[in-house]
Amino acid sequence: MAFTTGTGRGRQPPPPTSWRERLGALRNLPPFLAMVWRTSRALTATTLAVRLVRALLPVATLFIGKLIIDEVVQLNRLPARPAGLAGWLGSGLLDRLEALLLAEFLLAIVSDLLGRLVSLIDGLLSDRVSNDASVRLMQHAATLDLADFEDAAFQDRMERARMQASGRMSLMGQLFGQAQDIITVVSFAAGLVVYAPWLIVMLAIALVPSFLGEAHFNALSYALSHLRTPQRRELDYVRQVAASADTAKEVKIFGLSPFLIDRYRSISRDTYDASRRLAIRRAVWGVGFGALGTIAYYGAYAYIAWRTVNGSLSVGDLTFLAASFLRLRGLLEGLLTGFSTTAGQALYIEDLFSFFRAEPGIRSPENALPFPNPIRQGFVFDDVGFRYPGTERWAVRHLSFTLAPGEVLALVGENGAGKTTLVKLLARLYDPVEGRVLLDGRDLRDYDLDALRAAIGVIFQDFVRYNLSAADNIAVGRIAARGDRPRIARAAAAALADAVVAKLPGGYDQMIGKRFRNGIDLSGGEWQKMAIARAYMRDAEVLILDEPTAALDARAEYEVFQRFRELSAGRSAVLISHRFSSVRMADRILVLSDGRVEASGTHAALLAAGGRYAELFELQAAGYR
């Protein structure tokens, strides 16, 4: 069990539904802001400082506008006014008006410059935060257990986290913008309180319903997105299958396009219908909430106009208060709506931070033992039992055998006998449910996990075909030695992949795979030789080949295993293959059935003893007669 958040593997946590749960998601804002600060302290401090200045500009601009209007009205009431513009300019009466106009002009220039500066900084900071979050997500995913990646609920959870790492950075600008707006609101509110404090109360009463409505619909939107994660993943999968170089041959041969398109339309239609219903409900309620704010504004406007008519306020006061009330209404409405949106965004960010809180079940213990070099006693499976999470069937049980230092051990059995599971336990991709796996007499769980895996070279039958250069495809076996081209060439020669590379136009620098431009695809057998080269690149103390030659012809397979036998001298090795021509060269063969060792011995001894091995050998041999 890797997740420590109280949800079992195989099922998703329900989306938050109560107000307490929704507000509880706000706990993710401090770590989110801390993540932004760690990404770039200089950019974060700069944008906050610039926003602080911008927050005070609107009220300053409006107040100067009020002074300008009052000055114009006062000048207009002069009993004796100069004639013509030259007369006004020469009289000095326009000096104060000119200064006010210049001040407002400068404020407009500064406001525009600061706005562009904020956009620039926020864009740069957002990109860096998104990149850092994606890197952190990949780093954390690398620490989690293989069992997590084989679980559908975990895949849904990781998909949501991946979306938030790259698509939720607008929250950063939103939070900074709200901090700026709060300062602006305080400055506007201070002006209104001087004239009519009850206007603030009127605004609050009118805007609270809008805030509650937005918060409610934000939560519903998140819940819908949360529940639709499996459908979203299936849409991505169907789209990839329908239009991918990897699947194009079968899609064309089997005529699958109509089926896949129909499947995509069906799922997307259901998703669209649910989103449309929610959007219509939100729009209808939004009209009503918006009407309340409009009524409050015009009520306040009428009151201010009346006070101006009866002489309590000047025309400049009227302009300042009306504009302040309108701006304050918009700011408060934006703040309240923004707060509910922030709470909704925090629900999404919860997907990212809950993923970061996930803990692996398989890890190194404190004071872990170093991997022994050389191995002295070998590996011992001591009554090992294991079943995959969420299943009742035992993959292996009461499994006991040894792998001696320098021994080449072959595993034989029908599909589902437990061969690959045994390899996963040996590499500690899983831990036994029952029994122990020992290395030199100590439980495998006592050793440093990274050192253990670094000492084991495994090539699985479903190896990855990396769309990288030929050199990098081999270097992934020991990526720290990526710059060691002679070592890469030796690994390629050991796996007979050097002939494959020799045919490539760009040699080791040739991009292989068809995903990217100028890439050259390889045949199945050529890909397998490249994958086997990774095992030799690793130069590990334990080599494991899990059905690695399925795409090779008989001659190529024989050559690969002859080379494997030579190069594994002095190392422990495990070979899994259905071809008896290959396994017969092993020092010892284990016959697995229903997760247990049914027989053990050399090829000759097992044939002489009869039983399952002899039966399977005869069945295969009959196909060549």
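The table that follows gives values for the structure above.
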item: Under 5 Å, built H, 5+ apart or other chain: amide partners of Leu411; result: Leu575, Ile576, Ser577, Leu590
item: FRET efficiency, Glu366 to Leu117 (Cβ-Cβ, R0 41 Å, nearest 0.05); result: 0.25
item: Packing-based order for 98-109, 429-440, using average beta carbon neighbours within 10 Å, highest first; result: 429-440, 98-109
item: Gyration tensor verdict on the range 460-526 (Cα atoms; rounded if a/c is under 1.5, prolate if a/b is larger than b/c, oblate otherwise); result: rounded
item: Length released on extending from Gln231 to Asp521, taking residue separation times 0.36 nm less the Cα-Cα span; result: 101.2 nm
item: Förster radius 35 Å - calculated FRET efficiency between Arg482 and Glu559 (Cβ-Cβ, nearest 0.05); result: 0.80
item: Carbon and sulfur %, accessible surface of the range 526-625 computed with the full protein complex present, 1.4 Å; result: 49 percent
item: Solvent exposure ordering (accessible area, 1.4 Å, most first) of Tyr447, Tyr237; result: Tyr237, Tyr447
item: Packing-based order for 421-428, 533-540, 368-375, 568-575, using average beta carbon neighbours within 10 Å, highest first; result: 533-540, 421-428, 568-575, 368-375
item: Extension reserve of the Ala454-Ala42 stretch, reckoned as 0.36 nm per residue once the Cα distance is removed; result: 144.4 nm
item: Exposure rank, largest accessible area first [Tyr508, Tyr272; 1.4 Å]; result: Tyr272, Tyr508
item: Label-to-label distance, nm, for residues given as Ala108 and Arg357 (7 Å Cα→Cβ offset); result: 5.1 nm
item: Radius 11 Å from Cβ of Gln461, net charge of other residues (Lys, Arg +1; Asp, Glu -1); result: -2
item: Förster-model FRET efficiency, 25 Å R0, Asp440 and Ser400, C-beta, rounded to 0.05; result: 0.90
item: Quarter of the Cα convex hull surface for the range 20-92, i.e. its orientation-mean projected area (nm²); result: 10.0 nm²
item: Inter-site label distance for Arg376 and Arg276 at 7 Å from Cα along Cβ, in nm; result: 7.4 nm
item: Contour minus Cα-Cα distance for Gln139 and Leu52 (0.36 nm per residue); result: 27.8 nm
item: Residue-level accessible surface for Arg584, protein heavy atoms, 1.4 Å, Å²; result: 120 Å²
item: Between the range 77-137 and the range 470-491, the alpha-carbon center distance in angstrom; result: 59 Å
item: Pairwise Cα inverse-distance average, inverted: Kirkwood Rh of the range 581-625 (Å); result: 10.9 Å
item: For the range 419-456 and the range 148-162, distance of Cα centres in Å; result: 25 Å
item: Distance in nm between pseudo-label sites at Arg81 and Glu598 (7 Å out along the Cβ direction from Cα); result: 11.0 nm
item: Space enclosed by the convex hull of the alpha-carbon atoms of the range 385-500, per residue, Å³; result: 159 Å³
item: Accessible-area value, Ser119, 1.4 Å probe, nucleic acids and ligands omitted, Å²; result: 80 Å²
item: Percent of C-alpha pairs per 10 Å bin, the range 316-451, short to long; result: 10, 25, 20, 11, 8, 8, 7, 7, 4, 1
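The values are calculated or read from the model by the stated rules, or taken from the named source; none is laboratory data. Everything quoted here is computed from the prediction, not taken from an experiment. Glycine also receives a Cβ, built like all others from the backbone with ideal geometry; neighbour counts cover every protein chain displayed. Protein only, heavy atoms only, side chains kept; ligands, DNA and RNA dropped before computing areas. Shrake-Rupley method; radii C 1.70, N 1.55, O 1.52, S 1.80 Å.
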